[in-house]
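The values are calculated or read from the model by the stated rules, or taken from the named source; none is laboratory data. Everything numeric here is computed off the predicted structure, so don't read it as measured data. Heads up, the Cβs are rebuilt from the backbone with ideal geometry, glycines too, and the neighbour counts pull from every protein chain shown. For accessibility, only protein heavy atoms count, side chains too; no ligands or nucleic acids. Shrake-Rupley method; radii C 1.70, N 1.55, O 1.52, S 1.80 Å.
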Amino acid sequence: MNIHTYEKAWLAAAMVLIVGFIATITYGAVGPGIAMIDDEAGSIDPDNINDHERFGDPGVEHVGGNEYEVNVVAQAWLYTPDQIEVPENSEVTFYVTSRDVTHSFSVVGTNVNTMVIPGQVSEMTVQFDEPGEYGILCNEYCGEGHHTMEGLLTVVPEEEFDLTELSVDAPREVEAGNETTINATVSNGMQEDLETTVALDIGGQQYEEDVTVTGDGSETVEFPVDTTELGTGDHDWTVTADGYEDSGSLSVVEPTDDSDGGSDGGEGDA
Ligand code: CUA
């Protein structure tokens, strides 16, 4: 059979185009790392997110080394948390789910851009080498507040990053002469131990204690406060640990004397 030269040329060109199309589509599907949401990261009951081990208390978790996990809950029209901080030179895996309708979670300037579907968990991993700020946006129309649905991811220098939390449990009022304590709890979200000094300053009295908080643990320091020495009145206190600070005020009041019933008003001359 004799095929005309032009016809051969057109056949060859068509073959090249077909192979080219297939190669382009294959690269587009595999090369840039774009993936559909699958059930690899698991599914979830959107009505019971608050009890979920990952999403009950969303936020940044240290996995070990330079690896972090960030758990985010999307709902109309906010992300929890909406301010995320991770250190530079970190490998961050985001797990995102939705409480209500379909949203998206897009970290502008990175390849993180995923749909967030109720009942599904979206998972993406990104490497952050340099400090910087990235906006977080919802790209999926989700109702009248859609355009306000945003957050901020901050990549901070390594030396500025920790997962320390300080919480203080202090009475507001105590009778003079009674013993009281101010309790400071330092929790450490990193996997490595944290060595720090917990300090209390109240009305000029200073207390200090060195603590080692184990990785993923917490430590409570009880500071006994001498109310006699403080005297009656309001006393401001400040607790510091690992660069964090909490403060409040303690009122030391006159003891109410109810030891003899006070029926004769013998001491009621005030
Ligand atoms: Cu959520 Cu748009």
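For the reader, a short list of remarks on this structure follows.
- Mean sequence separation of contacting Cα pairs (under 8 Å, at least six apart), scaled by the length of the chain, corresponds to a relative contact order of 13 percent.
- Extension gain, E254 to E222: 0.36 nm times the residue separation minus the Cα-Cα distance gives 9.1 nm.
- A probe of 1.4 angstrom, applied to the heavy atoms of all protein chains, finds Y207 with accessible area near 50 square angstrom.
- J(HN,Hα) series, the range 181-196, from Karplus relation 6.51 cos²θ - 1.76 cosθ + 1.60, nearest Hz, glycine and proline x: 10, 10, 9, 10, 10, 10, 10, 10, x, 7, 7, 8, 5, 10, 9, 8
- Relative contact order [Cα under 8 Å, 6+ residues apart], the range 164-253, whole percent: 36
- Considering only P58, P118, P255, the Gaussian network model of the chain with Cα springs below 10 Å gives its largest mean-square fluctuation to P255.
- The Cβ shell under 11 Å around S106 holds other residues with a net charge of -2, Lys and Arg each +1, Asp and Glu each -1.
- Looking at the range 164-253, the DSSP beta bridges with both ends there are about 95 percent antiparallel.
- Close amide H partners of S98, meaning residues 5 or more places away or on another chain with modelled amide H under 5 Å apart, are A74, I117, G119, Q120.
- The heavy atoms of I25 present about 120 square angstrom of accessible area, all protein chains included, probe 1.4 Å.
- 3J(HN,Hα) from dihedral phi, the range 126-141, Karplus parametrisation 6.51/-1.76/1.60, rounded to Hz, x for glycine, proline: 9, 9, 10, 8, 10, x, x, 10, 10, x, 10, 10, 9, 9, 10, 4
- Rough spin-label spacing in nm, given labels placed 7 Å along Cα→Cβ, for R172 and T110: 4.1
- DSSP bridge orientation in the range 46-160 - percent antiparallel, rounded to nearest 5: 65
- Expressed to the nearest 5 percent, the antiparallel share of DSSP beta bridges inside the chain is 80 percent.
- The range 148-257: GluC sites (Glu not before Pro) in DSSP coil with no more than 14 other Cβ atoms inside 10 Å: E192
- Extension gain, I18-T154: 0.36 nm per intervening residue step, less the Cα-Cα distance, totals 44.5 nm.
- Helix axis angle, 5-30 relative to the chain longest principal axis, alpha carbon, degrees: 10
- Where V19, V168 fall by accessible area, highest first, once all protein chains stay in place (1.4 Å): V19, V168
- Straightening the chain between A9 and N50 buys 8.3 nm, computed as 0.36 nm per residue apart minus the Cα-Cα spacing.
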